[in-house]
1. What tally of residues in the range A:4-43 results from selecting those that are more than 22 Å from A:G67 (Cβ to Cβ) and in a helix (DSSP H, G or I)?
2. I'd like to verify a number: residues in the range A:19-49 that are closer than 20 Å to A:L89 by Cβ and without any contact (Cβ under 8 Å) to a residue 24 or more places away in the chain, how many?
3. Here is a list of conditions, (1) within 30 Å of B:L96 (Cβ to Cβ); (2) assigned to a helix (DSSP H, G or I), and A:L57 meets all of them except one; can you say which number that is?
4. What residue, of B:L89, B:L96, B:L102, is in contact with an Asp or Glu (Cβ under 8 Å, 6 or more places away or on another chain), open to solvent by less than 70 Å² (accessible area, probe 1.4 Å), within 16 Å of DNA strand D (Cβ to nearest atom) and at the interface with another protein chain (Cβ under 10 Å from one of its Cβ atoms)?
5. Can you name every residue in the range A:38-56 that is among the β-branched types (V, I, T) and more than 12 Å from chain B (Cβ to nearest Cβ)?
6. I want to confirm something. Restricting to the range A:6-32 and keeping residues that are among the charged types (D, E, K, R) and touching a strand residue (DSSP E or B) at 6+ places or on another chain (Cβ under 9 Å), which single residue is nearest to DNA strand C (Cβ to nearest atom)?
7. Looking at the range B:70-100 only, could you name the residues that are touching a residue at least 24 places away in the same chain (Cβ under 8 Å) and part of a helix (DSSP H, G or I)?
8. Every residue in the range B:33-53 that is away from DNA strand C (no atom under 11 Å from the Cβ), closer than 28 Å to B:T86 by Cα and of a type in the set (D, E, K, R), please.
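The values are calculated or read from the model by the stated rules, or taken from the named source; none is laboratory data. Everything numeric in this text was worked out from a predicted model, so none of it was measured. No Cβ is skipped: glycine too gets one built from the backbone with ideal geometry, and neighbour counts run over all protein chains shown. These area figures cover heavy atoms from the full protein model, side chains too; ligands, DNA and RNA do not enter into them. Shrake-Rupley method; radii C 1.70, N 1.55, O 1.52, S 1.80 Å.
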Protein chains: 2
Amino acid sequence: MRISEVAVRSGIPATTLRYYDTIGLIDAQREPNGYRAYDDGVLERLSFIEAAKQLDLALPEIAELLGVVEGDSCTQVRDALHPKLTERLREVDAHLANVRLLRNRLVAATRRVAACPDSGASCRSECMLLGERRRVCHTDDEPNDGGE
Amino acid sequence: MRISEVAVRSGIPATTLRYYDTIGLIDAQREPNGYRAYDDGVLERLSFIEAAKQLDLALPEIAELLGVVEGDSCTQVRDALHPKLTERLREVDAHLANVRLLRNRLVAATRRVAACPDSGASCRSECMLLGERRRVCHTDDEPNDGGE
DNA sequence: CTAGACCTTCGAGTTGGCTTCAAGGTCTAG
DNA sequence: CTAGACCTTGAAGCCAACTCGAAGGTCTAG
């Protein structure tokens, strides 16, 4: 199979396939004329890559897993994959906590700014998001559009 | 005030302050010798910038807001700031939804891989994250560490 | 023989917010 | 006069995962 056929059958652009080749993620044979020659197995490998990308794994990580996946037993694959997934889950949870914190800050800031008086002593601090930034005023509700 | 003093008092590196100058975020006067000369107001402006960065606003956006903040009335500041914040809140909520979806996929994949048989017909599809990716198996619980 | 569809490589550009580097100007204490 | 602390600029590097462009090789139909 040449690169354009792989591109059509996998839905991944030929430029990206070449890129995957240069970083060693997908290794292609070569025809005598230098064209890349892919076997049918590449489609399964690309499916794996796409699935792993859906899980937000980095390409070097996927390349490492792909090395295990190819030709090893299910047990070995599982033992390689499972820790990566749980680790990734931990990272995603940490990220989720950060984003939720950001959201709380946003809700608090939106409320403070909305409540900003037209003038007065507190006016600058209210409107400019300055002052007492410590009291973050936790609003744990989520996509629920706080006040306003 | 010279740049190093601003750096110490604001906690922002001098290199970053110069960068803020080049992108027009903070405009500094100049001494006759060419050194940047900051007035005291810069510290408040930097506080605003830091606060806005905490809310994940982009620097060009912050620059725009800073233009309004400077010297305009509280009402004008509020009217400029409030829509930005609610818009940002909407983006954050959208991002949050995406991350939650990713998390659900991760939990489902982790379970499937953990349940991967040592061999057999389903072995490859289970272990390689292939097949029936449509049944995402929603687990709406959050940082609660799914199965395992 | 030639148009044109396909393939190759290499290098640079994209995104944002810096950081680092290199080369050089300015000021002050001793 | 000189060491050294401070300041300046412009350019390049960093992160990921591509994406694009240029220049050129290969193959086939007409």
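1. 7
2. 1
3. So the condition that A:L57 fails would be (2).
4. Exactly one residue qualifies, and that residue is B:L102.
5. The one that is among the β-branched types (V, I, T) and more than 12 Å from chain B (Cβ to nearest Cβ): A:V42.
6. Result: A:R18.
7. Those that are touching a residue at least 24 places away in the same chain (Cβ under 8 Å) and part of a helix (DSSP H, G or I): B:K84, B:L85, B:R88, B:V92, B:R100.
8. Result: B:E44, B:R45.
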